[in-house]
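The values are calculated or read from the model by the stated rules, or taken from the named source; none is laboratory data. Note that this is a predicted model, so its numbers are computed, not measured. Methodologically, a virtual Cβ is constructed for each residue, glycine included, from the backbone with ideal geometry; neighbour enumeration extends over all protein chains shown.
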Amino acid sequence: VITVEESKGFKELEVEKTDGMQFDRGYLSPYFVTNAEKMLIEFENPYILLTEKKLNIIQPILPILENIARSGRPLLIIAEDVEGEALSTLVLNKLRGGLHVAAVKAPGFGDRRKDMLGDIAILTGAKYVINDELAVKMEDLTLDDLGTAKNIRITKDTTTLIGSVDSNSSNVQSRIN
């Protein structure tokens with residue numbers, strides 16, 4: 001992934017290589033937008049929650065949302081889908097300023113989706129991709145179980161995760177092999 005950022009001064013051109021990934025899924029609601037002029041979401045140092053499930057109700061993620069709100073850091077939810085009560089509650093909390101949050105659909109379909117979420121988990125350092133086969137439930141997640149990234153940019157069509165786990169880590173190397 002190649003990103004270009006505006007300079008904060010008149011320095012010479014700087015090139016910095018960071019690991020990251022981009023996939024073709026954008027935000028689920030324009031109400032999550034943080035930059036209205038460019039119609040995109042920009043988060044620095046967000047937590048990332050990964051799940052293969054559809055989120056229709058807010059109850060399962062309420063405990064982790066409370067912890068996120070206390071931490072003051074933003075949250076990106078990557079799920080099969082977020083709709084109904086869950087989506088409206090997230091939007092309402094974002095608009096009230098209590099929670100910096102965004103949600104996107106997980107990339108891919110079927111087994112490819114499972115693989116892509118696994119790749120994102122490795123990249124972000126997330127301990128779990130929540131699904132029906134896992135003994136860990138969403139209600140039991142702690143902040144340490146979530147993934148993180150240096151920053152993220154989400155448009156209506158794409159999600160870009162920038163700067164995360166070291167690409168030479170043993171988890172990344174075992175996933176490649």
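Structural remarks
- Close pairs from segment 144-158: first more than 17 Å from Gly26 (Cβ to Cβ), partner surrounded by 18 or more Cβ atoms within 10 Å (Cβ to Cβ) and hydroxyl-bearing (Ser, Thr, Tyr), Cβ under 7 Å, at least 6 apart: Asp145/Tyr128; Leu146/Tyr47; Gly147/Thr124; Thr148/Tyr47; Thr148/Thr124; Thr148/Ser164; Lys150/Ser164
Residues checked against (1) of a type in the set (Phe, Trp, Tyr); (2) at pLDDT below 90; (3) surrounded by 14 or more Cβ atoms within 10 Å (Cβ to Cβ):
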site: Asp24; (1), (2), (3): no, no, no
site: Phe32; (1), (2), (3): yes, no, yes
site: Thr51; (1), (2), (3): no, no, yes
site: Ile61; (1), (2), (3): no, no, yes
site: Gly72; (1), (2), (3): no, no, no
site: Ala79; (1), (2), (3): no, no, yes
site: Val91; (1), (2), (3): no, no, yes
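- Qualifying positions in segment 48-68 - over 19 Å from Leu117 (Cα atoms) and out of contact with any Leu (no Cβ under 9 Å at 6 or more places or on another chain): Ile57, Gln59, Pro60, Leu62, Glu66
- Residue count, segment 107-124 (criterion: without any contact (Cβ under 8 Å) to a residue 24 or more places away in the chain and in contact with a Gly (Cβ under 9 Å, 6 or more places away or on another chain)): 1
- Test: residue in segment 166-173 that is surrounded by 13 or more Cβ atoms within 10 Å (Cβ to Cβ), of a type in the set (A, V, I, L, M) and at pLDDT 85 or above: no
- Residue that is farthest from Leu161 (Cα to Cα), among those in segment 84-106 that are in contact (Cβ under 8 Å) with a residue 40 or more places away in the chain and outside any helix (DSSP H, G or I): His100
- Only one entry in Leu161, Leu146 is under 23 Å from Val33 (Cα atoms), in contact with a Gly (Cβ under 6 Å, 6 or more places away or on another chain), hydrophobic (A, V, I, L, M, F, W, C) and modelled with pLDDT of 90 or more, namely Leu161.
- Segment 107-165, subset in contact with a Lys or Arg (Cβ under 6 Å, 6 or more places away or on another chain) and in a loop (DSSP other than H, G, I, E, B), residue surrounded by the fewest Cβ atoms within 10 Å (Cβ to Cβ): Gly163
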